[in-house]
Structures are given as structure tokens and as C-alpha cells.
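Asks: Please read through the structure below; I'll follow up with questions.
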Amino acid sequence: MSARHAVLGVLRDGPAHSYELAARIRELLGPGFEINTGQMSRLTKVLLEKNLIALVAETEEPVPRAGADRRVYEITQEGAEEYEEFFEKGANETKLFRRSILVKIALAGPERMGEIPDQIGAYEQHCIDRMNALKKDLDKVLPDDEEHPRVDGVVLRLAIEADISQVKAELAWSRYARRMVSWLLSSDAVWPASRGRRLQAGDPARAERENARKQLLHRLAARNREDPC
């Protein structure tokens with residue numbers, strides 16, 4: 001997401017605290033553009049270093065929670081020019097999504113591939129929960145007046161619908177991935193030669209790694225029993 005340009009765009013309307021920036025961006029563009037405190041802190045730091053925004057002042061005005069950033073930011077001339085350049089650009093290229101579960105599938109090897117279906121199942125459930133939450137957000141968007149539609153309402157609807165479409169696609173992909181992994185597990189799959197050499201029966205390196213993994217899991221389980229919270 002272009003959080004950098006969203007911040008610059010919001011600041012064109014006037015100076016703001018970082019928490020105000022995050023809230024306004026979320027309000028305008030939906031949950032897909034949600035920026036947490038740490039992310040906003042890093043982003044404003046970069047924008048300050050590039051002289052795209054400037055620090056106005058510190059204030060003692062009440063903030064939503066203790067420790068919130070009291071500094072006020074404003075856009076600079078360089079920042080306004082950067083935003084205009086961004087706005088005038090043509091459509092961005094589509095970026096491919098890097099799925100962490102795909103890394104696990106690629107590198108699990110025969111000794112851990114059996115764990116993958118459960119992880120994919122958990123990811124599917126996450127997608128379902130996320131989609132349900134997005135649909136609730138969509139239901140909160142007020143219906144349009146046919147003659148006088150609200151621009152912010154239309155933009156927010158577009159943003160949430162885009163997020164729903166992405167999550168639906170992820171859910172479909174994860175179900176396909178689970179079928180493919182199940183196929184690998186039920187067949188006489190051919191593993192890359194390098195993996196095969198490392199995993200030959202009696203391989204001491206394999207035994208050592210497996211033993212270390214079991215010890216780690218045992219320690220984690222013991223820690224959870226001692227401290228369930």
C-alpha cells in the first residue's frame with residue numbers, strides 16, 4: 001500500500017498528529033490501510049529525513065492514550081511536489097503477494113511436510129475470519145443518496161470491496177494448496193537430490209536436527225504449562 005503518499009495526501013488538508021494521520025487514513029481507505037503506532041513512527045521518521053514533512057510543534061493537548069506522539073506534522077513544499085508526482089503517475093504495476101506459507105511448503109522437506117496441512121487450515125480460518133470482519137465493515141458504510149452520493153463513502157466501499165476480493169482469492173488459493181500438499185503426502189513424491197542426500201536413513205545430521213527440534217518443542221510445552229497466560 002502507498003502509506004507514504006496517503007500521509008502526504010492527508011497532510012495537504014492541514015497539520016496533524018501521527019495518531020490523527022493514522023485514524024484519518026483508516027477512515028478514508030478502510031482496514032487495508034490500517035497503520036499501527038510503530039509503523040507510523042517509522043514512516044514519519046523517514047518522511048522527516050527526506051524533508052517531505054516537517055515538525056510543527058509539540059503540544060500538551062490531550063491524546064487518546066498515554067505515550068502517544070504529541071508532535072504535529074505538516075507537509076513541506078518537497079512533500080507537496082512528491083504527492084503531485086505520485087498523483088500524476090499512471091497506474092501502478094500489479095505486485096505479486098509473497099505468502100509465508102509457500103516458503104514453508106517449499107522448504108519443509110519430507111520430514112516436516114506432514115505439518116503443513118494443519119498450517120494451511122489455520123490460514124484458511126484466518127482468511128474466513130478476516131472476510132467476515134471486512135463484510136461487517138462494509139455493512140457499516142452508509143447507503144448512497146442517488147442524487148448526492150458521498151465521495152468518502154464510495155471510496156471506502158471500493159477499498160473494502162478490494163480487500164474482500166483479495167481475501168477471497170487467498171482463501172481459494174489456500175484450499176488449492178492444501179489439496180496439492182495432500183497429493184504430495186499421499187504419493188511417492190520425488191524430492192530434490194540435495195534434500196534426499198541429507199535425509200538418508202541413519203544420517204546423523206538429520207537425527208541431530210530432529211532431536212534439537214523435539215527438545216525445543218518440549219521446552220515450549222513445559223513453559224506453557226507453567227505459565228498458561
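Just so you know, all these numbers are worked out from the coordinates, no wet-lab data involved. Please read all numbers here as calculations on a predicted model, not as lab measurements. Using ideal geometry, Cβ is built from the backbone for each residue, glycine included, and neighbour counts are taken over all protein chains shown.
Asks: Can you work out the Karplus-derived ³J(HN,Hα) for every residue in the stretch 111-120? Use 6.51 cos²θ - 1.76 cosθ + 1.60 with θ = phi - 60°, whole Hz, and x for glycine or proline.
Replies: Ordered by residue, 3J(HN,Hα) equals 6, 10, 4, x, 7, 5, x, 5, 5, 5 Hz.
Asks: Sticking with this structure for a sec: Can you tell me what the convex hull of the Cα atoms of the stretch 100-189 projects to on average, as an area in nm²?
Replies: Working: hull surface 26.9 nm².
Mean orientational projected area (the stretch 100-189, Cα hull): 6.7 nm².
Asks: Arranged from highest to lowest average of other beta-carbon atoms within 10 Å per residue, in what order do the peptides 28-39, 135-146, 6-17 appear?
Replies: Details: 28-39: 15.3, 135-146: 11.2, 6-17: 18.6.
Ranked by mean Cβ neighbours within 10 Å, highest first: 6-17, 28-39, 135-146.
Asks: If you don't mind, there's one more thing I want to ask. Non-local amide H neighbours of Arg150 (under 5 Å, H modeled in plane, Pro and chain starts lacking H): which ones?
Replies: Asp145
Asks: Cross-link list Lys45/Lys135; Lys104/Lys168; Lys104/Lys135; Lys104/Lys140; Lys140/Lys168; Lys45/Lys140: which exceed 26 angstrom alpha carbon to alpha carbon?
Replies: Among Lys45/Lys135; Lys104/Lys168; Lys104/Lys135; Lys104/Lys140; Lys140/Lys168; Lys45/Lys140, the Cα-Cα distance tops 26 Å for Lys45/Lys135; Lys104/Lys135; Lys104/Lys140; Lys45/Lys140.
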